[in-house]
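The values are calculated or read from the model by the stated rules, or taken from the named source; none is laboratory data. These figures come from a predicted structure and were not determined experimentally. As a convention, Cβ positions derive from the backbone with ideal geometry for all residues, glycine included, and neighbour counts pool all protein chains shown.
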Amino acid sequence: MKARFKYRIYPTPGQKHQLAKLFGCVRVVWNDSLACCQEKYKSGGKKPTNSQLQKQFITQAKNTEDREWLKEVSNIPLQQSLNDLNQAYQNFFKSTKGQRKGKPVKPPKFKSRKSKQTARFTRGGFKVGQHKVYLAKIGKLKIVWSRELPAPPS
């Protein structure tokens, strides 16, 4: 079982700007790929694979003029956003087939600026220190530990 804990961080004004940029990029990648999946579904095709979505909405999008600002943030949260979308679709399809216990799961929704802003990092994207947490392409964030970590973070 994985546990989730919340801790308070104190970013500098520059880091706040970088975090806002990161959250925006994660949201844009999610929304673009969700729109593509919905369009494929309406036209009668199958949902694109995760690797196809990553190639189209991260790798190729960085080379376009409209989305070249995606280069300014770490790749890891963008890829995790597509992994989360893939998992949301799997949960939805399993729920419609009756293979999932509990309440029926609704299809994934678009993310808005007003909703909760999140980004997930894998092990390669962060390092935890005594009084600082390092995030890729953002830097060392000051953190106040309200309790000890029960295990090394994953």
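The set of residues in the stretch 83-108 that are of a type in the set (D, E, K, R) and either within 22 Å of K21 (Cβ to Cβ) or in contact (Cβ under 8 Å) with a residue 60 or more places away in the chain (or both) contains only D84. Scanning the stretch 34-45 turns up no residue that is under 15 Å from the mean Cα position of the chain (by Cα), closer than 22 Å to S115 by Cα and free of Cβ contacts under 8 Å to residues at least 60 places away in the same chain. Just for the stretch 81-101: of the residues that are in contact with a helix residue (DSSP H, G or I) (Cβ under 8 Å, 6 or more places away or on another chain) and not aromatic (F, W, Y), which one is farthest from C25 (Cα to Cα)? In this case the residue turns out to be R100. Residues in the stretch 132-154 that are surrounded by 15 or more Cβ atoms within 10 Å (Cβ to Cβ) and either in contact with a Ser or Thr (Cβ under 8 Å, 6 or more places away or on another chain) or in contact (Cβ under 8 Å) with a residue 40 or more places away in the chain (or both): V133, L135, A136, K137, I138, L141, I143. If you go through the stretch 132-151 one residue at a time, how many are touching a strand residue (DSSP E or B) at 6+ places or on another chain (Cβ under 8 Å) and either in a loop (DSSP other than H, G, I, E, B) or acidic (D, E) (or both)? Within the stretch 132-151, residues that are touching a strand residue (DSSP E or B) at 6+ places or on another chain (Cβ under 8 Å) and either in a loop (DSSP other than H, G, I, E, B) or acidic (D, E) (or both) number 3.
Results for (1) outside any helix (DSSP H, G or I); (2) of a type in the set (S, T, N, Q); (3) loosely packed, with under 14 Cβ neighbours inside 10 Å, shown as yes or no for each residue.
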{"site": "L19", "(1), (2), (3)": "no, no, no"}
{"site": "D32", "(1), (2), (3)": "no, no, no"}
{"site": "K55", "(1), (2), (3)": "no, no, yes"}
{"site": "S81", "(1), (2), (3)": "no, yes, no"}
{"site": "N86", "(1), (2), (3)": "no, yes, no"}
{"site": "P107", "(1), (2), (3)": "yes, no, no"}
{"site": "S115", "(1), (2), (3)": "yes, yes, yes"}
{"site": "Q130", "(1), (2), (3)": "yes, yes, yes"}
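I'd like the full set of residues that are among the small types (G, A, S) and either modelled with pLDDT of 95 or more or surrounded by 17 or more Cβ atoms within 10 Å (Cβ to Cβ) (or both), limited to the stretch 1-17.
As a first pass, look at the stretch 1-17 and keep what is among the small types (G, A, S): 3, 14.
Listed by number, the list holds a single entry, G14.
Of all the listed residues (K40, K62), the sole one being part of a helix (DSSP H, G or I), touching an Asp or Glu at 6+ places or on another chain (Cβ under 7 Å) and at pLDDT below 95 is K62. Sort out which residues of the stretch 67-126 are polar (S, T, N, Q), modelled with pLDDT of 90 or more and under 14 Å from the mean Cα position of the chain (by Cα), and write them in order of number. Those that are polar (S, T, N, Q), modelled with pLDDT of 90 or more and under 14 Å from the mean Cα position of the chain (by Cα): S74, N75, Q79, Q80, S81, N83, N86, Q87, S112, Q117, T118, T122.
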